[in-house]
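Have a look at the structure below before the remarks.
The values are calculated or read from the model by the stated rules, or taken from the named source; none is laboratory data. In this text the structure is predicted, and so the values were computed from the model without any measurement. For neighbour counting, all protein chains shown are included, and Cβ atoms are generated from backbone atoms with ideal geometry for every residue, glycine included. The accessibility values were calculated without ligands, DNA or RNA, using every heavy atom of the protein model including side chains. Shrake-Rupley method; radii C 1.70, N 1.55, O 1.52, S 1.80 Å.
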Amino acid sequence: MKRLKDILEGTPVGALYGDPEIAVGGLAFDSRAVRAGDCFFAVPGTQADGHDFIPAAVGRGAAAVVCERMPSEPAAGVTYVCVGDAAGALADMAAAFYGHPSRELKLVGVTGTNGKTTTATLLYDLVRALGYRAGLISTVVYRIDGREIGATHTTPDPIRLNAMMREMADAGCEFCFMECSSHAIVQERTRGLVFAGGIFSNLTHDHLDYHKTFAEYIRAKKRFFDGLPAGAFALTNADDRNGRVMVQNTAARVSTYSLRSMADFRCRIVETHLDGMLLRIDGAEVWVGLLGRFNAYNLLAVYGAASLLGLDRGEVLRTLSALHPVSGRFEVIRAENGTVAVVDYAHTPDALENVLRTIGELRTPAQQLFAVCGCGGDRDRTKRPEMAQIAVKYASTAIFTSDNPRHESPEAILDEMTAGLDPSVRYLRIADRAEAIRTAVMLSRPGDILLVAGKGHETYQIVGDEKRHFDDREEVRRAFAALSKPEKRN
């Protein structure tokens, strides 16, 4: 139990009604999660306003309520704290409640459109391979040293963030690497955390359903670097046109990385094969088990960040060669007949083009490339035709299918994807994702390449409000297994 007065440390308070010395058992912003003695935060959201749930939270035993406006009928015996920004107060008070655990870690945030998961995960794998304890907060999974926790969001809420970081610090972790999504930055989830460094990967078309304009999306990302302290580092991609914009107002020391121009950390792709690349990083050659120019950027960011964290550069380079691709990121599955499937999370135009271009550089003229992809429902609709144009540009045959349709009609999503395509281009529309994958496999010849894009590591498909089990990798393996049985062939 902690006193409300103590966890209000540093939080701007407009007015306080009740006893600031009241003991608080825990923090909650979902009224359904409130337990007796908790402090409830009434946070206005995009779908619901937490103020509407104050009576429910009090009914479940909340001892204190942090809100932006007082309820018309305050409950007796409950302390109310009025603040100008409930989301910000939640972040500040969560950090204080858990004893500011980020101050005990070397916390590195990774932001950008693509590459966040790979960069954060490779950094985590790297430092652990070098003998350090570390934590990871990513789209795929959360890890407290070696312990795995299922991920719910790219960047979780401030309560869960600080609770996990407290566990990391108590477990002896020295580092924590986390993805910082634009939503999380705008919603104050990363507020109150002390970062040792930040990494910018790139900025391309995404999340305009939330941010509305690309300018607002840029501002959301830039806000992370604006908040970095003077003692931190800001590592930015010099080859991205927004790389310099991100760090123009930061107090952190700025470093750059590049594959094309002068920078503090440089890399060149020497050779590329289906099982890896030979890179020259800062004058030294290293073989890595990842593919694609986009992964060369990710690996260079990892190398740069590790160097800025004070790790030995020679040891870092040697360890890079032993790192493996992240689950669902350019994950290769081979059939007995030599056909190769690549499962990748690419769900933005830039990410899809990067993966297709990489495969195009590897395949021979005799190899067909089948691209299976779709677009999620209830999300940015403007990227749908762009994704389709990219797929037909690079693939021998594009197969458009369902992703996570949510509350939209899969056929309506496909209509928007294919609108404007030239009638002469080769593509199929198969709304059933499993059938689309099976069709790509059945149309392939031995040695051809299949890309299944959009879901990557995800093991579910969201239809309406239902989360159904679905794994692209399972479907590919099932289709390959059927392919190897002579009786299944036409």
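Does at least one position in the range 330-353 carry a residue that is within 18 Å of the chain's Cα centre (by Cα) and free of Cβ contacts under 8 Å to residues at least 60 places away in the same chain? Looking through the range 330-353, at least one residue is within 18 Å of the chain's Cα centre (by Cα) and free of Cβ contacts under 8 Å to residues at least 60 places away in the same chain.
For PHE400, the criteria (1) modelled with pLDDT under 95; (2) buried (at least 24 other Cβ atoms within 10 Å of the Cβ); (3) aromatic (Phe, Trp, Tyr) hold in every case but one, which is (1). Selection over the range 96-122 of residues that are in contact with a Leu (Cβ under 8 Å, 6 or more places away or on another chain), farther than 19 Å from THR236 by Cβ and of a type in the set (Ser, Thr, Tyr) gives a count of 2. Do we have ARG219 as outside any loop (DSSP other than H, G, I, E, B) and either free of Cβ contacts under 8 Å to residues at least 24 places away in the same chain or under 19 Å from GLU179 (Cα atoms) (or both) here? Answer is yes for this residue. A single entry from ASP432, ASP471, ASP448 fulfils the requirement of being acidic (Asp, Glu), touching a Leu at 6+ places or on another chain (Cβ under 9 Å) and within 23 Å of ALA391 (Cα to Cα): ASP448. Reported count of residues in the range 133-148, each being in a loop (DSSP other than H, G, I, E, B) and either surrounded by fewer than 18 Cβ atoms within 10 Å (Cβ to Cβ) or of a type outside the set (Ser, Thr, Tyr) (or both), is 4. The residues of the range 249-261 that are in contact (Cβ under 8 Å) with a residue 24 or more places away in the chain and assigned to a loop (DSSP other than H, G, I, E, B), listed by number, are ASN249, THR250, ALA252, LEU259.
Among residues of the range 236-248 being open to solvent by less than 20 Å² (accessible area, probe 1.4 Å) and not hydroxyl-bearing (Ser, Thr, Tyr), the one that is farthest from GLY310 (Cα to Cα) is ASN242. In this structure, is TYR210 open to solvent by less than 40 Å² (accessible area, probe 1.4 Å), within 20 Å of the chain's Cα centre (by Cα) and modelled with pLDDT under 95? No: the conditions fail for TYR210. Only one residue in LYS455, LYS485 is farther than 23 Å from THR364 by Cβ, of a type in the set (Lys, Arg) and touching a residue at least 60 places away in the same chain (Cβ under 8 Å), so which one is that? Only one candidate qualifies: LYS455.
Of everything in the range 380-398 that is more than 23 Å from the chain's Cα centre (by Cα) and not in a helix (DSSP H, G or I), the residue that is nearest to PHE330 (Cα to Cα) is ALA395. Restricted to the range 49-132, the set of helices (runs of 4 or more DSSP H) holding at least 2 residues that are in contact with a helix residue (DSSP H, G or I) (Cβ under 9 Å, 6 or more places away or on another chain) and in contact (Cβ under 8 Å) with a residue 40 or more places away in the chain comprises 86-97, 116-129.
Just checking, how many residues over the range 85-112 are at positive phi and buried (at least 20 other Cβ atoms within 10 Å of the Cβ)? Of the residues in that region, 1 qualify. Annotation for the range 226-235: at least one member residue is open to solvent by 60 Å² or more (accessible area, probe 1.4 Å), assigned to a helix (DSSP H, G or I) and at pLDDT 95 or above.
A quick yes/no check of all residues on (1) among the basic types (Lys, Arg); (2) in contact with a Lys or Arg (Cβ under 8 Å, 6 or more places away or on another chain); (3) free of Cβ contacts under 8 Å to residues at least 24 places away in the same chain:
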position: LEU428; (1), (2), (3): no, no, no
position: ALA434; (1), (2), (3): no, no, no
position: ALA440; (1), (2), (3): no, no, no
position: LEU443; (1), (2), (3): no, no, no
position: VAL463; (1), (2), (3): no, yes, no
position: GLU466; (1), (2), (3): no, no, yes
position: HIS469; (1), (2), (3): no, no, yes
position: ASP472; (1), (2), (3): no, yes, no
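Counting only residues that are open to solvent by 20 Å² or more (accessible area, probe 1.4 Å), closer than 21 Å to ALA163 by Cβ and outside any loop (DSSP other than H, G, I, E, B), the range 6-26 holds 2 of them. Residues in the range 262-281 that are outside any loop (DSSP other than H, G, I, E, B) and open to solvent by 40 Å² or more (accessible area, probe 1.4 Å) were compared, and the one that is nearest to LEU105 (Cα to Cα) is ARG266. Only one of the numbered conditions (1) at pLDDT below 95; (2) surrounded by fewer than 19 Cβ atoms within 10 Å (Cβ to Cβ); (3) not polar (S, T, N, Q) is not met by TYR217, and that is (2). Residues in the range 149-176 that are open to solvent by 10 Å² or more (accessible area, probe 1.4 Å), closer than 29 Å to SER321 by Cα and polar (S, T, N, Q): THR154 only.
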